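> Sending over a structure as structure tokens; questions will come in a sec.
The values are calculated or read from the model by the stated rules, or taken from the named source; none is laboratory data. Just so we're clear, the structure is a prediction, and the values are computed from it rather than from any experiment. Please note: Cβ atoms are built from the backbone with ideal geometry, for glycine as well, and neighbour counts cover all protein chains shown. Side chains included, ligands, DNA and RNA excluded: accessible areas come from the protein's heavy atoms. Shrake-Rupley method; radii C 1.70, N 1.55, O 1.52, S 1.80 Å.
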Amino acid sequence: MQELFDKMKEYLNMDTEISFEEFDGYYKKVTAFLNDNWTGLGEDDTMHMLFILDNLKSNGEDRSKRKTKEAKKYAKMAQRCEIWATALINRLREAGLTDEEIGKRYETIYEAV
């Protein structure tokens, strides 16, 4: 989990954009991790994963609007990230967190990056 989070921080601090191949590879690592581990994530790891998914989703949506051969693939990745994020948010709500608490914790992570 920490490796995925650190990689996202690295991507966010880059001056250049990563290739489709690297984006797709990172996305596949994130989804494979979620498929294997999402039910066992603690609150902190869930919040960090939400941060990763939100950034993947927004970048995927942005890239899907471009006239490239990968546009549809980016759109599908963004949609799947949205589904995962919704599932994780629902788990946090079930654990007793309010939307306001989730938002504050998310902002704390975002500000630290």
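> What whole-number value in Å² describes the accessible area per residue of segment 3-86 for a 1.4 Å probe? Before the final figure, lay out each step's value.
Numbers: 4970 Å² over 84 residues.
That works out to 59 Å² for each residue.
> Moving on. Could you order Thr98, Thr39 by accessible surface area, starting with the largest, using a probe radius of 1.4 Å? It would help to have the intermediate numbers written out before the result.
Values: Thr98 70, Thr39 100 Å².
The most accessible residue leads, giving Thr39, Thr98.
> Taking a quarter of the surface of the convex hull around the Cα atoms of segment 55-113, what do you get in nm²? List each step's numbers first, then the result.
Details: hull surface 18.2 nm².
That works out to 4.6 nm², a quarter of the Cα hull's surface.
> Straight distance only, please: which lysines reach the Cα of Lys67 with their own Cα at less than 16 Å, same-chain residues fewer than 8 apart left out?
Lys76
> Pick from Asp44, Asp62, Asp36: which is most flexible by mean-square fluctuation in a GNM of the chain where alpha carbon atoms under 10 Å apart are linked?
Its mean-square fluctuation being the largest, the pick is Asp36.
> Same structure again: Computing the accessible area with a 1.4 Å probe over protein heavy atoms, can you report the carbon and sulfur percentage for the chain?
On the way: 3300 of 6990 Å².
Carbon and sulfur together cover 47 percent of it.
> If you don't mind, there's one more thing I want to ask. Can you compute the helix-only [θ] at 222 nm over the chain? Use -39500 (n - 2.57) per DSSP H run of at least 4 residues, normalise by all residues, nearest 500 deg cm²/dmol. Walk me through the intermediate numbers first.
On the way: 5 runs with 89 residues, N = 113.
The per-residue figure over the chain is -26500 deg cm²/dmol.
> Starting from the Cα of Lys72, draw a straight line to each of the aspartates and glutamates and keep only those under 13 Å, dropping any in the same chain fewer than 8 residues away.
Asp24, Glu61, Asp62
> Expressed as a rounded percentage, what relative contact order does the chain have, with Cα pairs under 8 Å and six or more residues apart?
On the way: 69 pairs, mean separation 30.7, N = 113.
Normalised by residue count, the contact order of the chain is 27 percent.
> Moving to a separate point now. On a C-alpha basis, how far is the centre of segment 11-59 from the centre of segment 69-113 in Å? Whole number, if you could?
Centre-to-centre (Cα) distance: 10 Å.
> Also, quick follow-up: For segment 1-78, run through the GluC sites (Glu not before Pro) and keep only the ones in DSSP coil with at most 14 other Cβ atoms within 10 Å of their Cβ. All intermediate terms of the calculation are to be shown ahead of the outcome.
Details: sites: Glu3, Glu10, Glu17, Glu21, Glu22, Glu43, Glu61, Glu70; in loops: Glu17, Glu70.
Here the GluC sites (Glu not before Pro) that fit, given the DSSP loop and packing criteria, are Glu17.
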